[in-house]
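What follows is a short report on a single structure.
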Amino acid sequence: MSAFAHITLDKVTFQYAGEDSDAIHSVDLDIHEGEFVLLTGRSGCGKTTVTRLINGLIPHFYEGELEGTARIGGTEMREMGIGEIGRIVGSVFQDPRSQFFMTDTTSEVAFGCVNAGLPRNDVAQRVESAFRRMNIQHLRDRSVFELSSGEMQLVAIASCYAMGPSVYVFDEPSANLDMEAVETLRKTLSELKREGKTVIVLEHRLFYLSDLIDRMVVIEDGIVSHVYDAASALSLGDSTLAHMGLRNLQLKSALNAMPDHKPTLSKCENAAFEINNLTFSYGSQHSTRSAGSTLRDPRTIGPLSFSAQFGEVIGIIGENGAGKTTLSRLCCGLEKEDGGTVFIDGRPLSPKERLGRIRLVMQDPDYQLFSDSVLGELSLSGRKDADVCERALRKLGLWDMREAHPATLSRGQKQRLTIACALVDETATYFFDEPTSGLDRENMERVSSTIRSLAQSGSVVFTVSHDPEFLLSACDRILHLSGGLIVDDFALGGPTRERLLRSLWKGDAQWNAHTDA
């Protein structure tokens, strides 16, 4: 263990350059060697600012007014270079692309070690250990451009692990991961804790950390409002957690709290939306291995057949690389199928005809934002009705930001903005790709309510997600994809709610570990 793993924030206040108010105010925090700390709170509460102090990005990268002292191993951060801090503190950011430097995965995992001047044999050993520990040997020697978001996150974590820092800071590490990958992440975090590393995790999805945390630190409006030891955190009731804007620490509690939904299905002769024997392949051959088993080429899907009625909210689940996003792009006409047919209201439509008829809200909101203001984005959607635009922004908590440039928004705010644009579009069929990744409880519930209102107004809504709490709150039905095929299709209500959670994991041991009340 290293003395450098002890972190102290003493009366720290920080205001970003150009901002009118403090991001955090008079924060006191003492994190000991080998401690596992969960840092949580509503979006925008100041969590990320605290971690930027810990990893040295404040004051070495982000400019602003800093008061108080931040120390690591007893040394004031301002007296240390960013490179020196980087050898002690490893960071895994929410968007893994922001920390990629190489074009293939093996070189990316090796990059930090090579940059630090480590011997070639040492680098090779560290890279091999990182891939093995993260259980991502199947991602070796892959182009980073062909990875799913979840796979990118796992590679970013492996890159950090290869460096062997004393302190690990994870910013929403589970945001884009499927449940099997979350379990892999949990095991990795557990091993880091067993090795005596200091681990700091910023999270909104809390359930997978319940048996790891030593303390839970809650930040509200830039101050540390509550600090709980593990036993006290686990004893918090749902109403207390909701008051602080926090999700449940145990999925069984979330399961019991979610109401049953009955879809308002249209009564028509034909299905509102239907695909029949749809097939597609990018034409590149890969084999993907997970937990010792071989999966089909993740870039090939089908044949797929299913139908949906207006009024349904249908969740699409499956492991990273199962074909969920590809299916969405096919249905919306962004990719051309190799075979099969897509029907809307009983009429077969070509990919070109489907463009504009089906609304896709992408996982990465930056691809769909073009205006110079939040309100302007809704106008670009073709909607000029001011009242409708205002209602959409208020529903998603964005009205007060209507004049802000979209580029200045947080990732979660951008996500909600793209959903607001879809809300005013009045399309009959919607596809949402991971609409709640990285969202706190309040905003997850906002998105869930918005999606349900779309269905209740007569649309059919599909949502790709790894988020069990969101799926439980929003969906009527689940399509489970694996290896590009539909392996299950079931209604989500009553006792079948447990079927969802069991579908997201591979075995009863994982189910029992995360759903014990």
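The values are calculated or read from the model by the stated rules, or taken from the named source; none is laboratory data. Since we're looking at a predicted model, the values are computed, not measured. Cβ coordinates were reconstructed from backbone atoms using ideal geometry, including for glycine residues, and neighbour counts include every protein chain displayed. Side chains are part of the model used for accessible areas, which takes the heavy atoms of the whole protein and leaves out ligands, DNA and RNA. Shrake-Rupley method; radii C 1.70, N 1.55, O 1.52, S 1.80 Å.
Residues that are surrounded by fewer than 21 Cβ atoms within 10 Å (Cβ to Cβ) and more than 18 Å from the chain's Cα centre (by Cα) do occur in region 427-444. Residue 108 fulfils the conditions (1) in contact with a helix residue (DSSP H, G or I) (Cβ under 7 Å, 6 or more places away or on another chain); (2) under 21 Å from residue 193 (Cα atoms); (3) open to solvent by less than 40 Å² (accessible area, probe 1.4 Å) except for a single criterion, (2). Restricted to region 150-171, and to residues there that are open to solvent by 10 Å² or more (accessible area, probe 1.4 Å) and assigned to a loop (DSSP other than H, G, I, E, B), the residue that is nearest to residue 42 (Cα to Cα) is 166.
Of the residues making up region 186-231, just one is over 30 Å from residue 16 (Cβ atoms) and assigned to a strand (DSSP E or B), namely 229. Look at region 43-62: where a residue is closer than 13 Å to residue 79 by Cα and a partner is assigned to a helix (DSSP H, G or I) and of a type outside the set (Lys, Arg), sitting 6+ places away or on another chain with Cβ atoms under 6 Å, you get 56/77; 56/82; 56/85; 60/82.
Residue under question is residue 317, and the condition is that it be of a type in the set (A, V, I, L, M) and more than 18 Å from residue 363 (Cβ to Cβ); does it hold? So residue 317 fails the test. Among the numbered conditions (1) open to solvent by 40 Å² or more (accessible area, probe 1.4 Å); (2) hydrophobic (A, V, I, L, M, F, W, C); (3) modelled with pLDDT of 90 or more, the only one that residue 509 does not meet is (3). Checked against (1) within 20 Å of residue 207 (Cβ to Cβ); (2) free of Cβ contacts under 8 Å to residues at least 12 places away in the same chain, residue 408 passes all but condition (1).
Of the residues making up region 307-322, those that are at positive phi and either in contact with a Lys or Arg (Cβ under 8 Å, 6 or more places away or on another chain) or assigned to a strand (DSSP E or B) (or both) number 1.
When the test is whether a residue is open to solvent by 10 Å² or more (accessible area, probe 1.4 Å) and closer than 23 Å to residue 135 by Cα, residue 184 passes it. Of the strands (runs of 3 or more DSSP E) lying entirely inside region 1-101, those containing at least 1 residues that are surrounded by fewer than 17 Cβ atoms within 10 Å (Cβ to Cβ) span 7-16, 24-31, 64-72.
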